[in-house]
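What follows is calculated from the coordinates using simple rules that are stated; it is not laboratory data. Quick caveat, the model's predicted, so the values are computed rather than measured. Cβ atoms come from the backbone with ideal geometry, glycine included; neighbour counts cover every protein chain shown.
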Amino acid sequence: MSQGFLVVLENRSGKVKKGSLEALAAARGVANATGGPVTAIVFGAGDAASRAVRFGPDRLLQVFLEPEAASRDAWIEVLARFVSSLEPACVLASATAFGKDCLAGLAARFQSSLLQDVTEMTLEGGHLLLKRPVYAGKAFEVVRPLSQPVFITLRPNVFPALEREVATVVEEKRESLAGVALGAVIEAIRESAGGKIELTEANAIVSGGRGIKGPEHYPLIEKLAEVLGAATGASRAVVDAGWVDHQLQVGQTGKTVSPALYLAVGISGAIQHLAGMSTSKCIVAINKDADAPIFKVANYGLVGDLFKIVPLLIEELKAFQAN
Amino acid sequence: MKIGVCVKKVPDTETRIKVGPDGRHAAMDGVSFIMNPYDEFAVEEGLQIKEKLGQGEVVLIAVGDDETSKILRSGLAMGADRAVLVNDPAICADEPYDVARALAAVVRKEGLQLVLCGKQGVGQDFQQVPALLAGILGWAQASVVVKLSVESGGLLAHREIEGGEELVRCALPAVVSAQKGLNTPRFASLKGIMAAKKKSVDVLSLAALGLPALERRSWEIVRLELPPSRPAGRVLEGEPEVQVKSLVELLHREAKVI
């Protein structure tokens, strides 16, 4: 009988991603009720052994590939070996580019589908129930697994990264890649310029819409974001007009986000946009049209000229922070 | 090169989602369907690769129902050469592995060397069929790709990751999934639309692909829920100076987000 959790941690340049710690803490929470060990697994050297242990794994496997490789094929192959030997009931990762890709490849090895972007993990009569957004968040599916292992990625920023004291056994593992075909190899990673905050991981987001009138005014959005320590986003209209890069698009066919604070500036609130941000904790809308749909989801609405309001807001926030 | 492009029929992104009569799926009455937007990037990329190489064939592949033929026609109108539709009620649309299994059988039957897909379908947002397909075929894969070049013997793909890009060198055969930004999909010309009417759409069953029905299910959908409605918001009155003062105060004291 398979039992317990295997949590795949993402190691980005020696640092475990926050979403991975959230997944680990979420697994610990469920395991406390269902029993079964929580095993964390991470590839390569870094702060995992010192940092991830605080979030409740019974075992932490630090895996070194021989020879070293940056390839999804290597990761999937080695993860499949551990899934076969540990027989976990559930394999978890954070729903990042790495987590989604690795777990999908891994699920294929076990003739299984997987649940991406899960936002709720609960127990009902001792059975796991999982909730995940569909139609970009216009609805949610509640799903009951029928076979094991269950492969799950958790949406970042949704589950709290609770620290828990557990006696963790840290083990180093060496895994040979002899005879493993590496079809896709990562040659380089290019970080975005300026160390921008990633939208899906941001605590606060300032997004600009068509109301900013042109790309020359987008720096106003960036200035407001800078004061708040926020990431910058945009509506589809702004992206399709070529004013900003598509990576900044929030909504259906863009990113789905759930920050603590979402500031929509000059965004009318098309249904595709609302789908991607309406799970934000606090929404602020600044728009000159009092009838804009964005005001229906906003906690605080400011009707008026954004070119007057935003500069004043920047000054007010600076004054607030100075106190 | 023989290129396959997987396409899916999805509800128009303007659709308001309602819970359907079974309580587990969205109501589809009166909904208009479109080609999954991410698949349009995949079709365009397939056509561009064929044009650049000056030879080859672009075959559209779908798992779907009778209405999916219309979606395939729109891809043929863009310039794809022909289409294969797997239409079998035994395929479980809620089980991405089952869909990927059927697609894989078509890929093998057609002897394709490169398969392009959208990075996700904007319906149930499973976000896994390209990776499952690569896994079943034992092929190389690059997902969420924003730039792709075909080089001697392989591909160089730029993958979107959090806060940057990954450059992935990928062997062939391969499955590549497209992200917005990869290209700008062309509109079908009138000539293309006329030509598409004469192009072939082969319809196949699981049996024709030599596949038995899938026995093991990964999960069942218990219910479909709509998101909780947000509490009524507050419009902050007054001159801009007053509005921003109240806002900063409320964000700090009430919402506690600054």
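Observations
- Residues that are free of Cβ contacts under 8 Å to residues at least 60 places away in the same chain and in a loop (DSSP other than H, G, I, E, B) within the stretch B:217-236 comprise B:227, B:228, B:229, B:230, B:231, B:232, B:233, B:236, listed in sequence order.
- Comparison of B:250, B:214 shows that the only residue that is surrounded by 14 or more Cβ atoms within 10 Å (Cβ to Cβ) and in a helix (DSSP H, G or I) is B:250.
- Residue count, the stretch B:70-91 (criterion: farther than 17 Å from residue B:206 by Cα and not charged (D, E, K, R)): 9
- Selection within the stretch A:30-84 - among the β-branched types (Val, Ile, Thr), more than 14 Å from every other protein chain (Cβ to nearest Cβ) and touching a Gly at 6+ places or on another chain (Cβ under 8 Å): A:34, A:38, A:39, A:63
- Flag for residue A:157 being farther than 30 Å from residue B:218 by Cα and of a type in the set (S, T, N, Q): no
- Taking the stretch A:225-251 as the range and being buried (at least 23 other Cβ atoms within 10 Å of the Cβ), in contact (Cβ under 8 Å) with a residue 40 or more places away in the chain and of a type in the set (A, V, I, L, M) as the test, the residues that pass are A:248, A:250.
- When residues of the stretch A:270-295 are limited to those that are in contact with a strand residue (DSSP E or B) (Cβ under 9 Å, 6 or more places away or on another chain) and surrounded by fewer than 18 Cβ atoms within 10 Å (Cβ to Cβ), the one nearest to residue A:249 (Cα to Cα): A:281
- For the stretch B:103-118, filtering for residues that are surrounded by 21 or more Cβ atoms within 10 Å (Cβ to Cβ) and not in a helix (DSSP H, G or I) leaves 6.
- Checking B:135, B:123 one by one, the residue that is touching a residue at least 60 places away in the same chain (Cβ under 8 Å) and farther than 23 Å from residue A:189 by Cβ is B:123 and no other.
- Within the stretch B:98-116, being β-branched (Val, Ile, Thr) and touching a residue at least 40 places away in the same chain (Cβ under 8 Å) holds for B:106, B:107, B:115.
- Filter pass, residue A:177 being within 30 Å of residue B:114 (Cα to Cα), in contact with a Pro (Cβ under 8 Å, 6 or more places away or on another chain), more than 8 Å from chain B (Cβ to nearest Cβ) and surrounded by 13 or more Cβ atoms within 10 Å (Cβ to Cβ): yes
- Residue list for the stretch A:135-152, restricted to those being facing chain B (nearest Cβ under 7 Å) and touching a Cys at 6+ places or on another chain (Cβ under 9 Å): A:145
- Residue A:110 passes every criterion in (1) farther than 22 Å from residue B:179 by Cα; (2) surrounded by fewer than 16 Cβ atoms within 10 Å (Cβ to Cβ); (3) free of Cβ contacts under 8 Å to residues at least 60 places away in the same chain apart from (2).
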